[in-house]
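Novice: This is the structure I want to talk about, given as structure tokens.
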Amino acid sequence: MADETDIKNAEEQKPNWIKPEIYHPRPGTVLPGFTVQAGIDLFNPSRWQLKIMEGDKELYFREISAEQYFTHNVGKDAIKPGTRFDVHVHYLLSSIWGQWASLKNLLMADPKPVITEPAEGAFTSKRPRVAGRGVSGATIKLYQAKKGTVLFGTAVVDANGDWQTTPVIDFSDGPFELVVNQTISDTEYWSENVKIIVADPKPVITEPAEGAVTSRRPLVAGRGIPDATINLYQANFGDRIFGTAVVDANGDWQTTPVIDFFEGSFQLVVNQTINNTEYWSDNVRITVAATKPEITAPAVGTVTSRRPLVAGRGIPGATINLYQANIGTVLFGTAVVDANGNWQIIPVVDLYVGTFQLVVSQIISNAEYWSDNVRITVIALRVPVITSPEDGAIVSTDKPMIHGSGYAGATVKLYQENVGDTVFGTAIVGLDGNWSISPTVAFPKGEFSLTANQSLVSGTSDWAKVVNIRIDV
């Protein structure tokens, strides 16, 4: 190998040798580990020198024994990506170094591929377009960074250095890191990771549903981006935060307001903050009902039987308990408020005869709320008696004649026991205390439990003893 003095002396000797021809690389961009090839057809040199320069700075030097043709693979790490450089070669003939042949202004390519789309922090679908830059002709492979070897897609870099692919496997929801590699000269080069979020950045309220009737502090729940912070507001009305939550690893969140919602029509909205950017849900309109239940029947001052129908309004899904106000803890009946906010109870224990104050409670989220008291008068009105058909009878018509006894002048109504409030027929009790009803509504086929009540101005009786019959039509 020549020392620095030999090289300097060689550069000063410039006999009229023909310059060698550089066959490779070609002008333009080269890759790490590129090959330099040169030759001279007329002579048979004994040695060659290769010098790579960045301006006046020497980046690489080799002296190699060779004859007419010279080949050398430059080290992969010899020249940094993005460097512009010149390649010089010359040969030794008759102990004299000839003139340098030069290839100038080459550019060392970066072997690492680049992901240009989607951008860092972007929200995407499960199969977004992924694109970038690479070395022409190289194969790009798409993976999830740091998570196994699942190959999500491939592409070949085109002549302009561009590539793109659409995943053939869904990305998983939530934070996701993309990475690609490309193989050059049997060496893999990896891109920088790109962090994205696979999801719609807009949070969703799943509970309560649009149009629901709720208490003043209902459970509010929905979907969002894992680890994002959810803030709950009244839509289009100030900046008061009614509750907060953090989205869990499964994308779910829930919060119970720490401030009462305003009664009446109320629009919920939430936002979630991701990378210092706020994203807002669609509004959800609900009706906020009073937490205090209401008794709508019987009205104040009504005269009733010992087991009247008691009805009212409350929060859908709440449990209603019926009591005598201010006297003990006897539970006279229970009900669950329906989706429309209505409830009704027929007491399972007789109300006490005389002045009686009804009160109900409703339980919401383990809290109990009480109605106003309703004062009524309870009388022991005798129940009517069904005398025909007899218990266990089989009848061959769906509108059999029903007979019985009761208070003269009272109105008798026929019902099916514990099944809705359909009145199958009515009659006025005669002066002899008897009544007969030809049903106006057909009895359903099969087993039928028949009952009745009677009412006067003073109130309505309890239910008649049930008569079980079979309708065999």
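Novice: For segment 268-291, which residues satisfy the criterion of being more than 20 Å from the chain's Cα centre (by Cα), part of a strand (DSSP E or B) and either surrounded by fewer than 15 Cβ atoms within 10 Å (Cβ to Cβ) or among the hydroxyl-bearing types (Ser, Thr, Tyr) (or both)? Let's see the steps before the verdict.
Specialist: Initial filter on segment 268-291 (more than 20 Å from the chain's Cα centre (by Cα)): 276, 286-291.
Right, trim to part of a strand (DSSP E or B) and you get 286-288.
Scanning segment 268-291 gives a single hit, Thr287.
Novice: Name the residues in segment 339-388 that are among the charged types (D, E, K, R), part of a loop (DSSP other than H, G, I, E, B) and out of contact with any Gly (no Cβ under 9 Å at 6 or more places or on another chain), would you?
Specialist: Asp350, Asp372
Novice: Can you tell me which condition Thr206 does not meet? The list is (1) among the polar types (S, T, N, Q); (2) more than 17 Å from the chain's Cα centre (by Cα); (3) surrounded by fewer than 18 Cβ atoms within 10 Å (Cβ to Cβ), and all the others hold.
Specialist: Condition not satisfied by Thr206: (2).
Novice: Scan segment 105-118 for residues that are within 31 Å of the chain's Cα centre (by Cα) and open to solvent by less than 60 Å² (accessible area, probe 1.4 Å) and report the count.
Specialist: So the count comes out to 2.
Novice: Further question: Taking segment 24-53, which residues are at negative phi and in contact (Cβ under 8 Å) with a residue 60 or more places away in the chain?
Specialist: Looking only at segment 24-53, we keep the residues that are at negative phi, and these are 24-27, 29-32, 34-53.
Scanning segment 24-53 gives Pro25, Pro27, Thr29, Val30, Leu31, Pro32, Ala38.
Novice: Same structure again: In segment 67-87, what residues are modelled with pLDDT under 95 and touching a Lys or Arg at 6+ places or on another chain (Cβ under 8 Å)?
Specialist: Residue satisfying the conditions is Pro81 alone.
Novice: Here's something else I'd like to know. (1) small (Gly, Ala, Ser); (2) open to solvent by less than 70 Å² (accessible area, probe 1.4 Å); (3) over 16 Å from Val198 (Cα atoms): which one isn't true of Ala145, the others all being true?
Specialist: Only one criterion is unmet by Ala145, namely (3).
Novice: Across segment 423-449, which residue is most open to solvent (accessible area, probe 1.4 Å) among those that are closer than 20 Å to Thr304 by Cα and not in a strand (DSSP E or B)?
Specialist: Val423
Novice: Pull up segment 389-422, narrow it to residues that are among the aliphatic types (A, V, I, L, M) and part of a loop (DSSP other than H, G, I, E, B), then point me to the one that is nearest to Leu309 (Cα to Cα). Reasoning before the result, please.
Specialist: Just the residues of segment 389-422 that are among the aliphatic types (A, V, I, L, M), to begin with: 393-395, 401-402, 408, 410, 412, 414, 419.
Within this subset, residues satisfying the condition of being part of a loop (DSSP other than H, G, I, E, B) are 393, 401, 408, 410, 419.
Working: Ala393: 29, Met401: 27, Ala408: 23, Ala410: 18, Val419: 14 Å.
Out of the qualifying residues, it is Val419.
Novice: Please specify each residue of segment 392-421 satisfying the condition of being open to solvent by 60 Å² or more (accessible area, probe 1.4 Å), out of contact with any strand residue (DSSP E or B) (no Cβ under 7 Å at 6 or more places or on another chain) and either over 23 Å from Ile345 (Cα atoms) or hydroxyl-bearing (Ser, Thr, Tyr) (or both).
Specialist: Correct list: Ser396, Lys399.
Novice: Now, a different point. May I ask you to verify whether Glu368 is within 21 Å of Arg313 (Cα to Cα), in contact with a Ser or Thr (Cβ under 9 Å, 6 or more places away or on another chain), surrounded by fewer than 18 Cβ atoms within 10 Å (Cβ to Cβ) and at pLDDT below 95?
Specialist: Answer is yes for this residue.
Novice: Can you name every residue in segment 184-215 that is hydrophobic (A, V, I, L, M, F, W, C), part of a loop (DSSP other than H, G, I, E, B) and at pLDDT 90 or above?
Specialist: Ala209
Novice: Could you pull out every one of the strands (runs of 3 or more DSSP E) wholly within segment 216-262 that has 2 or more residues that are open to solvent by 30 Å² or more (accessible area, probe 1.4 Å) and either touching a Pro at 6+ places or on another chain (Cβ under 7 Å) or under 24 Å from Gly174 (Cβ atoms) (or both)?
Specialist: 243-246, 252-255
Novice: Given the structure, is Arg306 over 30 Å from Gln344 (Cα atoms) and among the basic types (Lys, Arg)? Before you say what the answer is, go through the steps one by one.
Specialist: Values: over 30 Å from Gln344 (Cα atoms): no; among the basic types (Lys, Arg): yes.
The answer is no for Arg306.
Novice: Taking segment 325-355, which residues are under 18 Å from Gly301 (Cβ atoms) and crowded, with 18+ Cβ neighbours inside 10 Å?
Specialist: Hit for segment 325-355 is Leu351, nothing else.
Novice: I'd like the residue in segment 71-90 that is in contact with a strand residue (DSSP E or B) (Cβ under 6 Å, 6 or more places away or on another chain) and open to solvent by 70 Å² or more (accessible area, probe 1.4 Å) and, out of all such residues, is nearest to Leu42 (Cα to Cα).
Specialist: Thr71
Novice: Let me ask something additional. What pairs come up if the first residue lies in segment 368-395 and is without any contact (Cβ under 8 Å) to a residue 24 or more places away in the chain and within 30 Å of Ala325 (Cβ to Cβ), the second is among the small types (Gly, Ala, Ser) and crowded, with 16+ Cβ neighbours inside 10 Å, and their beta carbons are under 6 Å apart, counting only those six or more places apart or on different chains?
Specialist: These pairs meet every condition: Glu368/Ser361.
Novice: Would you mind finding the one in Ala464, Ala452 that is assigned to a loop (DSSP other than H, G, I, E, B), closer than 21 Å to Pro347 by Cβ and at pLDDT 90 or above?
Specialist: Going through Ala464, Ala452 in turn, just one is assigned to a loop (DSSP other than H, G, I, E, B), closer than 21 Å to Pro347 by Cβ and at pLDDT 90 or above: Ala464.
Novice: Same structure, new question: Which members of segment 307-324 meet the condition of being under 21 Å from Ala380 (Cα atoms) and open to solvent by 70 Å² or more (accessible area, probe 1.4 Å)?
Specialist: Arg307, Leu309
Novice: So, one more: Being of a type in the set (Ser, Thr, Tyr) and touching a Phe, Trp or Tyr at 6+ places or on another chain (Cβ under 7 Å) is the filter here; which residues of segment 298-326 pass it? Lay out the reasoning, then the answer.
Specialist: Filtering segment 298-326 down to residues of a type in the set (Ser, Thr, Tyr) leaves 302, 304-305, 319, 323.
Once the filter is applied, which keeps residues that are of a type in the set (Ser, Thr, Tyr) and touching a Phe, Trp or Tyr at 6+ places or on another chain (Cβ under 7 Å), segment 298-326 yields only Tyr323.
Novice: Show the residue pairs that are 6+ apart or on different chains and have beta-carbon atoms under 6 Å apart, the first residue being within segment 150-167 and more than 18 Å from Asp110 (Cβ to Cβ) and touching a residue at least 12 places away in the same chain (Cβ under 8 Å), the second being open to solvent by less than 10 Å² (accessible area, probe 1.4 Å) and in a loop (DSSP other than H, G, I, E, B).
Specialist: Going by the 6 Å Cβ cut-off, the qualifying pairs are Phe152/Pro167; Gly153/Pro167.
Novice: Ok, one more. Val374 fails exactly one of the following numbered conditions: (1) buried (at least 18 other Cβ atoms within 10 Å of the Cβ); (2) more than 50 Å from the chain's Cα centre (by Cα); (3) β-branched (Val, Ile, Thr). What is the number of that condition?
Specialist: (2)
The values are calculated or read from the model by the stated rules, or taken from the named source; none is laboratory data. Every value quoted in this text rests on a predicted model; they were computed, and no experiment measured them. Using ideal geometry, Cβ is built from the backbone for each residue, glycine included, and neighbour counts are taken over all protein chains shown. In case anyone asks, the SASA skips ligands and DNA or RNA and just uses the protein heavy atoms, side chains included. Shrake-Rupley method; radii C 1.70, N 1.55, O 1.52, S 1.80 Å.
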